[in-house]
Structure formats: C-alpha cells, structure tokens
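One structure below.
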Ligand code: FAD
C-alpha cells in the first residue's frame with residue numbers, strides 16, 4: 001500500500017485547534033467539490049464562475065480575521081490557512097477571494113470610519129456586495145507610492161477623481177472599488193469607496209492574460225468621477241495607510257503561494273505513482289524522487305515560515321519586512337515547485353487536464369503582484385542594512 005499524498009509533510013495542521021481544523025476542511029471540501037471540477041474550463045475560457053458567489057456566501061468565511069461587523073473574528077493564521085486551501089485548488093478563485101476579503105474589506109476595516117465599516121463590512125462578509133482594490137496604474141506600478149498619477153480634488157461635499165487604474169481584480173463586476181488617489185492640494189494619498197454607478201467610473205476587462213485567466217482584471221478610467229465626502233475612507237490620510245493594508249494582505253499572498261505549490265506537488269506526486277515507464281512507476285526512479293523531494297522541502301519550508309508569519313501577525317508583531325520576506329521567498333520557491341511538477345509529468349505537464357499547467361501559469365502572477373520580487377527584496381534589504389535602495 002502506497003503512502004497517502006499530502007503536502008503537509010510536517011503535519012502543521014496539528015498546530016490548529018479542532019475548530020480551526022474544521023474551518024480548514026470546510027474550505028477544502030468546498031474547493032474540491034465545487035471549484036475543482038470547473039476550474040480548468042473557466043480558466044481556459046477566461047470567464048468568472050459567478051454561480052459560486054452565493055455558495056461562498058453560505059460558507060461564511062470572508063473577513064475571517066476581522067472582529068465585529070458580522071465577521072467571524074478568527075485569527076490571521078486562519079486567514080492564511082484558508083488562502084492556502086483556496087489556492088491549492090485554484091489560484092484564480094483564491095485571488096477573487098483575496099481581493100474581496102483582504103484588499104477591499106481590509107481597506108475598509110483598517111481605514112474606514114465606524115459608519116463605513118457598519119455600512120459595508122456585513123454586506124461584504126455575506127458577498128451581497130463585492131469589492132475591488134484600485135492602486136496600480138498603467139504608467140506606475142512599483143513606484144506608485146511617490147508617483148501616483150490619479151488625482152482627487154475637493155468641491156464642496158464631493159471629491160472629483162481623475163486618472164486610470166490597471167490590473168484591478170474583480171472590478172468588471174464589483175459593486176465597489178477602493179480607489180487610491182493623490183490630493184491635488186496636499187499631495188497626500190487618500191482612499192475612496194467608489195461605487196460602480198458613480199458617474200465617471202468605467203471598468204473595462206483586460207484580455208489575453210496568460211495567468212489567472214479566471215480573474216477578471218480591469219482597466220479603470222475615472223473621468224471627473226464624483227464621490228461624496230462620506231465615501232472617502234476617513235482614516236486614510238497618506239500612503240502609509242495604504243501600506244498597512246498591503247502589509248496585511250502580503251502575508252495572505254505568501255500563503256497563496258504555499259497553496260499553489262501544494263496543489264502542484266500533490267498532483268505531480270499522484271501522477272508519478274501511477275505513470276509507468278520501463279515497466280515501473282516513474283516515482284520509483286531516483287531522479288524523479290529527487291524532484292519530488294526538492295518540491296516537498298520547498299513546500300515545507302514555505303509552510304513553516306508562513307505559520308510563524310501568521311503567529312507574528314496575530315501577536316501584533318508583524319512588520320512590512322516580515323510580510324515582504326515571506327512573499328519573496330514563497331513566490332520564488334513556488335515557481336521552482338511548479339516547474340518541477342510540470343517536468344515530472346513530461347508532455348502531460350502542459351495539458352490543463354492534468355492539473356499542473358494552470359499552477360505553472362498562475363505562479364507567475366503570484367510572483368509579480370502585491371509587490372514584485374525586487375520591491376519586496378528592497379523592503380527587506382532596507383530593514384536589514386539600514387540603507388534604502390529605493391530611488392525616487
Ligand atoms: P513595474 O513597476 O513596471 O516593474 C517592472 C520591473 O521593474 C519589475 O521586475 C520590478 O520589480 C522592477 N523594478 C521596479 N522598480 C525597481 C527598483 N527600484 N529596483 C529594482 N527593480 C525595480 N494592482 C491593484 O492595484 N489591484 C489589483 O487588484 C491588482 N491585481 C493584479 C493581478 C494580476 C494578475 C497582476 C499581474 C497584477 C495585479 N496588480 C493589481 C498590479 C500589481 O500589483 C503590479 O503588477 C505590481 O505591483 C508591479 O507593477 P508593474 O506591473 O507596473 O511593474
């Protein structure tokens with residue numbers, strides 16, 4: 001009898017309470033039953049499976065770590081575990097969930113007034129309203145903190161926003177998008193809850209992506225877009241506030257990388273045990289085992305790192321550099337894991353039906369979004385050397 005396939009080699013799940021383990025399995029079963037059977041098809045057609053949104057609502061797991069406002073009030077560790085479970089089956093769906101529950105709800109949770117939190121978070125927790133997060137622009141990505149081109153200016157009780165945002169996940173169908181813009185008067189970055197019906201808001205689907213094809217990314221154009229002062233995030237007054245949101249969600253992206261690697265490793269291990277060449281399962285060959293061991297060692301290092309990262313987050317000890325280090329390390333190692341998973345499957349590794357090709361493509365998006373490898377490395381570099389290598 002062959003040992004079971006399980007990417008949790010050090011049994012980190014033992015560190016979870018029975019209640020946390022139950023939530024993990026709830027998400028895993030949902031992803032296996034509802035998403036896995038449709039994942040390749042929707043990815044291939046670059047369409048989003050809207051029918052799963054009410055099913056997500058029933059799970060009740062959005063905003064898992066937030067306290068109050070109808071949210072479960074669990075831990076950031078639990079949020080990470082869920083990100084891993086989502087990405088283990090489908091990184092696109094994990095990104096949909098992460099943008100809504102992490103970036104959009106997180107912006108309101110961290111930067112919204114009491115009234116804004118009361119208004120939006122309970123509805124978003126139930127997926128009655130879907131959120132997006134608009135920071136990156138066509139001409140500025142990594143350097144957005146100092147180079148943001150989107151502007152806002154106050155006119156009476158309203159703000160007028162002008163500019164463009166690129167890559168904005170969920171924004172083709174979201175009810176609200178958190179838009180970050182530079183105040184023309186003070187030069188400070190402010191955040192706005194922009195409703196899809198706001199005049200001057202246009203979101204167009206970006207086509208022809210080679211990764212995360214199921215995620216609907218939008219190019220947003222804001223043309224004299226009018227937003228009431230009551231929809232300005234009342235506790236966001238500079239890019240430092242935006243960065244607080246990113247610190248929180250970057251930890252989630254590191255966990256997402258773990259999930260992507262885990263899905264690919266488990267699919268590859270299963271395959272190599274069944275596939276025979278030269279009259280024997282290919283898993284019995286030394287060179288194949290070497291690939292599998294490289295994969296599981298990377299995966300185990302990533303998982304243990306992310307556990308500690310989340311513990312620090314739950315203890316209120318997380319700093320930017322901690323989240324950045326995990327994001328850099330895990331997204332690099334994931335690239336290595338998925339490419340080995342593809343390699344041990346031979347030609348079948350590039351066919352969607354064998355459940356590894358999608359991970360290979362999607363790992364590229366994880367590698368670049370929420371801060372590229374270089375930018376997150378520079379954040380860590382600045383922390384450990386005391387010198388900032390950022391150029392303005
Ligand atoms: P650039 O900033 O142009 O960088 C190009 C290259 O130059 C990179 O390798 C970068 O590391 C390097 N570089 C830049 N500056 C330096 C430096 N000082 N030193 C060394 N190297 C440097 N954004 C949102 O706001 N909302 C979203 O929902 C969202 N979703 C996304 C989904 C996907 C699939 C993707 C691909 C992106 C998404 N993004 C989103 C944008 C993402 O965060 C940016 O792509 C990312 O920040 C990098 O910006 P850029 O693509 O403009 O690259």
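No lab work stands behind these numbers, since they all come straight from the coordinates. In this text the structure is predicted, and so the values were computed from the model without any measurement. Positions of Cβ are backbone-derived with ideal geometry, glycine not excepted, and every protein chain shown enters the neighbour counts.
With angles folded into 0 to 90 degrees, how steeply does helix 239-274 sit against the dominant principal axis of the chain? Use alpha carbons for both and round to 10.
20
Sort the following peptides by mean Cβ neighbour count (other Cβ atoms within 10 Å, averaged over residues), highest first: 77-89, 158-170, 230-242.
The packing order, highest mean first, is 77-89, 158-170, 230-242.
Using the alpha-carbon atoms, what tilt in degrees (0 to 90, nearest 10) does helix 373-385 show relative to the longest principal axis of the chain?
80
If you wrap region 142-197's Cα atoms in a convex hull and average its projection over all directions, what's the area in nm²?
It is 4.3 nm².
Decide, for region 56-176, between rounded, prolate and oblate: order the square roots of the alpha carbon gyration tensor eigenvalues as a ≥ b ≥ c, take rounded if a/c falls under 1.5, and otherwise choose prolate if a/b is larger than b/c, else oblate.
Taking the square roots of the gyration eigenvalues as a ≥ b ≥ c, region 56-176 is oblate.
Which FRET efficiency value, to the nearest 0.05, do you get for residue 304 and residue 353 by plugging their Cβ-Cβ distance into 1/(1 + (r/R0)^6) with R0 = 22 Å?
Efficiency, rounded to the nearest 0.05: 0.10.
If neighbour count is taken as other Cβ atoms inside 10 Å, put 71, 152 in order from fewest to most.
71, 152
How many nm is it between the label spots at residue 197 and residue 297, if each spot is 7 Å from the Cα in line with the beta carbon?
In this crude spin-label approximation the distance works out to 5.9 nm.
With r as the distance between the Cβ atoms of residue 19 and residue 278 and R0 = 51 Å, compute the FRET efficiency 1/(1 + (r/R0)^6) and round to 0.05.
According to the calculation, E is roughly 0.60.
With the chain treated as a Gaussian network of Cα nodes joined by springs under 10 Å, which of 33, 311, 364 yields the largest mean-square fluctuation?
For the chain, modelled as a Gaussian network with Cα springs under 10 Å, the answer is 33.
Where does each of 112-125, 202-215 land if you order them by average Cβ count within 10 Å, highest first?
By packing density, highest mean first, the sequence is 112-125, 202-215.
Ranking 100, 322, 50, 291 by Cβ neighbours within 10 Å, fewest first, what do you get?
50, 291, 322, 100
Once you keep just the Cα pairs under 8 angstrom separated by 6 or more residues, what percentage relative contact order results for the chain?
18
Let me have the relative contact order for region 263-392, percent, based on Cα pairs under 8 Å that are six or more residues apart.
Reported relative contact order: 28 percent.
Any idea what angle helix 320-344 forms with the longest principal axis of the chain, computed on alpha-carbon atoms, 0 to 90 degrees, nearest 10?
Between the helix axis and the principal axis of the chain, the angle is about 40 degrees.
What value, in deg cm²/dmol to 500, does the helix sum -39500 (n - 2.57) over DSSP H runs of n ≥ 4 give at 222 nm once divided by the residues of the chain?
Per the formula, -16000 deg cm²/dmol.
What number, in percent, do you get for the relative contact order of region 189-343 if the mean sequence gap of Cα pairs under 8 Å and at least 6 apart is divided by its residue count?
26
Using a Förster distance of 45 angstrom, determine the FRET efficiency expected from the C-beta separation of residue 118 and residue 286, and round it to 0.05.
0.15
Taking 0.36 nm per intervening residue step and subtracting the Cα-Cα distance, what contour gain separates residue 67 from residue 5 on full extension?
Taking residue 67 through residue 5 to full extension adds about 18.8 nm, to one decimal.
In what sequence do 284, 101 fall when counting other Cβ within 10 Å, fewest first?
The order, fewest Cβ neighbours first, is 284, 101.
Once Rh is set to the Kirkwood radius over Cα pairs, what Stokes-Einstein translational diffusion coefficient, in µm²/s, holds for the chain at a temperature of 25 °C and a viscosity of 0.890 mPa s?
Estimated diffusion coefficient is 115 µm²/s.
Taking a ≥ b ≥ c as the square roots of the Cα gyration tensor eigenvalues, with a/c under 1.5 meaning rounded and otherwise prolate when a/b beats b/c, else oblate, which class fits region 180-256?
oblate
Pop a pseudo-label 7 angstrom from the Cα along the beta-carbon direction at both residue 38 and residue 183 and give the gap in nm to one decimal.
4.4
Hey, if you drop one equal point scatterer on each alpha-carbon of region 4-122 and run the Debye formula without solvent, what base-10 log of I(q)/I(0) do you get at q = 0.10, 0.13, 0.15, 0.16 Å⁻¹?
Values, matching the q order: -0.33, -0.55, -0.72, -0.81.
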